[in-house]
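Peer 1: Quick one: structure below, then a few questions.
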Amino acid sequence: MKKLVLIRHAERPEIQSTSVGNEVMLTDKGKQETLEYATKINQPVLSIRTSPIGRCVQTAEIIAAHSGYPLENIESTTQLGDPGFIISDGEQAWNQWQTKGIDEVNEILLSGSETLSGFVDLTHAINIFKSEVRDLLINSKEGIHFWVTHDVIVATVASRVSEQPLSLMDWPHFLGNLEISLSNSNELIFQYNQ
């Protein structure tokens with residue numbers, strides 16, 4: 001089976017509400033849970049892309065090391081974080097979270113009820129994302145591609161591809177993910193694992 005897994009990094013300590021938290025790394029529990037997750041991978045890992053933020057890189061490296069994927073082949077990309085493909089201006093986006101509050105901004109991202117400054121047109125961004133994933137999977141051999149990212153990206157994408165938008169109660173836990181595969185007619189199939 002050809003599959004792409006858009007996955008949130010593993011457990012990290014709590015981040016202060018006044019900080020973006022880019023410097024926060026995985027906890028020991030997060031490292032262990034990533035290793036446990038990696039032991040369940042039962043297909044060849046074909047590629048790994050990751051946000052350049054350290055905790056995502058750590059998660060990607062543990063998955064790679066356990067699956068036999070060469071660490072030097074992990075691709076770091078700001079499309080998955082710092083700032084990520086849903087953000088056009090990191091400073092403006094951070095200002096939104098600071099002024100409106102985390103829950104309000106996250107609810108807007110899940111519902112698509114408005115466009116916020118600092119963020120891209122999410123409908124357009126999700127359509128580009130789906131097109132890129134579809135092309136990747138159509139041209140891929142059998143196996144899994146991992147894209148390691150942050151909760152806000154997993155949640156936003158999962159909500160936008162679901163029949164009903166997600167709520168804050170559906171927010172992804174650590175290692176929560178969206179599995180994407182192809183139907184026989186090359187349509188994308190989405191499975192959200194909180």
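Peer 1: Treat each spin label as a single point 7 Å out from the Cα along the C-beta direction, and report the THR27 to ASP121 distance in nm.
Peer 2: The answer from the label model is 4.2 nm.
Peer 1: Starting from 0.36 nm per residue, how many nanometres of slack lie between SER167 and LEU71 once their C-alpha separation is accounted for?
Peer 2: 31.0 nm
Peer 1: What is the sum of charges, Lys and Arg at +1 and Asp and Glu at -1, for the other residues whose Cβ falls under 15 Å from the Cβ of SER51?
Peer 2: With Lys, Arg at +1 and Asp, Glu at -1, the neighbours total -1.
Peer 1: Which value at 222 nm does the chain reach when only helices count, each DSSP H run of 4 or more adding -39,500 (n - 2.57), with the total divided by all residues and rounded to the nearest 500 deg cm²/dmol?
Peer 2: -12000 deg cm²/dmol
Peer 1: On a full-extension model of 0.36 nm per residue, what is the gain between ASP135 and ILE15, subtracting their alpha-carbon distance, rounded to one decimal in nm?
Peer 2: Residue separation times 0.36 nm, minus the Cα-Cα distance, leaves 39.6 nm.
Peer 1: Among residues other than ILE41 whose Cβ falls under 15 Å from its Cβ, what is the net charge (Lys/Arg +1, Asp/Glu -1)?
Peer 2: -2
Peer 1: Give me the number: length gained by fully extending ASN193 to TRP94, i.e. 0.36 nm times residue separation minus the C-alpha to C-alpha distance, one decimal in nm.
Peer 2: Between ASN193 and TRP94, full extension yields 33.0 nm more.
Peer 1: Which of ASP28, ASP82, ASP121 moves most in a GNM of the chain, Cα contacts under 10 Å?
Peer 2: Most flexible of the set in this elastic network: ASP28.
Peer 1: Are any of the pairs LYS29/LYS130; LYS40/LYS141; LYS2/LYS40 more than 27 Å apart by Cα-Cα distance, and if so, which?
Peer 2: Check vs 27 Å cut-off fails for LYS29/LYS130.
Peer 1: Which net charge results for the neighbourhood of TRP171, defined as the other residues with beta-carbon distances under 12 angstrom from its beta-carbon, given Lys and Arg at +1 and Asp and Glu at -1?
Peer 2: -3
Peer 1: Wrap a convex hull around the Cα atoms of the chain, take a quarter of its surface area, and give that in square nanometres.
Peer 2: Averaged projected hull area, Cα only: 10.4 nm².
Peer 1: Here's a follow-up. Using only alpha carbon pairs under 8 Å that are at least six residues apart, calculate the relative contact order of the range 40-83 and give it in whole percent.
Peer 2: About 50 percent, as a whole number.
Any read-out appearing in this document is the output of simple, stated calculations on the displayed coordinates, not a laboratory observation. Just so it is clear, the model here is predicted, and its values are computed rather than measured. Quick reminder, even Gly has a Cβ in these numbers, built from the backbone with ideal geometry, and neighbours come from all protein chains shown.
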